[in-house]
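Inspection log for the structure reproduced underneath, given as structure tokens.
The values are calculated or read from the model by the stated rules, or taken from the named source; none is laboratory data. Please read all numbers here as calculations on a predicted model, not as lab measurements. To get the accessible areas, we keep the full protein, side chains included, count just its heavy atoms, and leave off ligands, DNA and RNA. Shrake-Rupley method; radii C 1.70, N 1.55, O 1.52, S 1.80 Å.
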Amino acid sequence: MRTNSFLFLVSTLLAGLSSAGEVLLHNGPTVSTPVSSMESPEKTSKELEFIKQFFIDTGLLEKLPPAIDTTASAPLGAIRAIELAGKSDDLDKSRAFVVKRLEFLTTATAKRVDFYLVEMQVNGSTEHRIVLMDGTVLKPRLKNVGK
């Protein structure tokens, strides 16, 4: 577990250095999809594995309130975070979504900020969104982590 934490910290720092104007705010979760071919459309034993990565503009990161201490309340409530995640521009608004998981997390970036990770079922697919304390919703980018 300690090795995974170290690798996450190193990848976070490297991602922040490599993408001008953006910082990797959060890694995860990992998702996989079965590989099929035109010859055999059935599922095969092979799968492609991706990790969802959430990036934030460094200017926006600096404007966010710092992480709260254990006695303070979050500036944005969980119910409002779920509402904002469900209204993401790329989601089908005509269909209902079901929240499968909600986590309140704190970044590992130089400036520690709080955020919600919302996992939803939308039209049969699992979607993830990060909702920042100012109400900004971040969509993930997929990074292939194949073997």
remark   = Under the Karplus relation with 6.51, -1.76 and 1.60 and θ = phi - 60°, whole-Hz ³J(HN,Hα) for the range 76-82, x at Gly and Pro, equal 10, x, 5, 5, 5, 4, 5
key: Long-range amide H partners of Gly28 with built H, under 5 Å   = Lys52, Gln53, Phe54
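Got a sec? What order do Phe55, Phe104, Phe115 fall in by accessible area at 1.4 Å, biggest, i.e. largest, first? Walk me through the numbers before you get to the answer.
On the way: Phe55 35, Phe104 90, Phe115 0 Å².
Ranked list, largest accessible area first: Phe104, Phe55, Phe115.
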remark   = Heavy-atom accessible area of Arg101, protein chains in place, probe 1.4 angstrom, given in Å² to nearest 10, is 80 Å²
